[in-house]
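Novice: What follows is a structure written as C-alpha cells; I'll ask about it next.
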C-alpha cells in the first residue's frame, strides 16, 4: 500500500542518498568494487529445467588467459541468477549461479576482457597513487597541511603538545606507553581543519544567503562532506591535507544543498555561483585515493 507516510519516508531516504559528496564523485570508490558501467555485466541466467545438479558451492581460486595475460580470480558460487564481476584491491572476483558451468563462466570472462583489463590498470594506478601520497609518519617525512608541506620532526625530551614551527611540525614524545606518531598528530590536524572550516563556512554562507543549522567534523572513509535535510553539514577532517581551493569547493558544494536538496542542474548552477572553478576541483578529487591510512 502506498500512502502519504510511505511516500514521505521514501522521499527522506532519497534525500539522504543525494546530499553527500563521495570521495569519488563520478563513480563508486575503488575500495567498493565496480561492475561494467554500474550494471549487471551478464543477462539473467535461468535456472536449469528440472533442477540440474549444482556445479559447485563455496569459493575457489582459478586462472584464465585473457588476451596475453594470465588472470587470477576468485570464483564464488551462489543462488543469484546472474554472473557478476567485481574488481577491487583483492583482485577479480566472479560470482556465478551454482548451475553455471566453468565453460560458461570463462566465456563471460572473455566477453568482458576489455573491461577487466581496464579496471585492473585503474587499480594498479590507484595503488601507485596511494603509495605515493600516503603519509609515512617518520622523522623527516612530509605532511601536507592546507597547501603547505610541513616536515615532521620527532623530538626527544619531555612530553608536550604537537605544534607548528614555520615549515616544521614538531611532535614531542608522548608519555610512557604513548600512542603512535600518527595518533599524536591527528588531534592537531583536526584542530587545523576545524579552524579552517570555521573561517570559511561563514564566507560561503554569506554569498549564499543561508547558514547551516550546524556543522561538525566527520571521520568518514567514503564521504568528503554531507548535508542533511535539516541543514546540518558534516565535513571530513582529512580535507586538511588538501589545498585551500579544494577544501573551499567541498564547503561550497555542501552549502549549495541548503538551497537545492539534489544534484540536479539547479544545484550545480548554485555551486558554480559560489565556486566558479568547481569542475577543476571535482576532477582533482576524482584522482585522490580514498583509502589512505592517516
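Each value in this text was obtained by applying a stated rule to the coordinates, not by laboratory testing. Since the structure is predicted, the reported quantities are computational estimates derived from the model, not experimental observations. Cβ atoms come from the backbone with ideal geometry, glycine included; neighbour counts cover every protein chain shown.
Novice: If r is the Cβ-Cβ distance from residue 207 to residue 167 and R0 is 30 Å, what FRET efficiency results, to the nearest 0.05?
Specialist: So the FRET efficiency works out to roughly 0.40.
Novice: Another question, then. Tell me the label-point distance for the pair residue 65, residue 149, using the 7 Å Cα-to-Cβ offset, in nm and rounded to one decimal.
Specialist: Result: 4.6 nm between the two label points.
Novice: Answer rounded, prolate or oblate for region 138-286, using the Cα gyration tensor with square roots of eigenvalues a ≥ b ≥ c: rounded when a/c is under 1.5, else prolate when a/b is larger than b/c, else oblate.
Specialist: Cα axes put region 138-286 in the prolate bin.
Novice: Now for a different question. So how far apart, in nm, are the two label points at residue 183 and residue 221 if each is 7 Å from Cα heading toward Cβ?
Specialist: 1.8
Novice: Can you tell me how much longer the chain between residue 78 and residue 107 gets when fully stretched, taken as 0.36 nm per residue apart minus their C-alpha distance, in nm with one decimal?
Specialist: Net length gain for the segment: 8.6 nm.
Novice: Let me ask something additional. Contact order normalised by length for region 143-198, with contacts defined as Cα pairs under 8 Å and 6 or more residues apart; what percent is it?
Specialist: Reported relative contact order: 26 percent.
Novice: Continuing with the same structure: Taking R0 as 51 Å, what's the FRET efficiency between residue 156 and residue 277 from their Cβ-Cβ distance, rounded to 0.05?
Specialist: With R0 = 51 Å, the Cβ-Cβ based efficiency is 0.70.
Novice: Stretch residue 89-residue 192 to full length: gain in nm at 0.36 nm per residue minus the Cα-Cα span?
Specialist: Between residue 89 and residue 192, full extension yields 33.9 nm more.
Novice: Sort the following peptides by mean Cβ neighbour count (other Cβ atoms within 10 Å, averaged over residues), highest first: 92-103, 251-262, 198-209.
Specialist: Sorting 92-103, 251-262, 198-209 by mean packing, highest first, produces 251-262, 92-103, 198-209.
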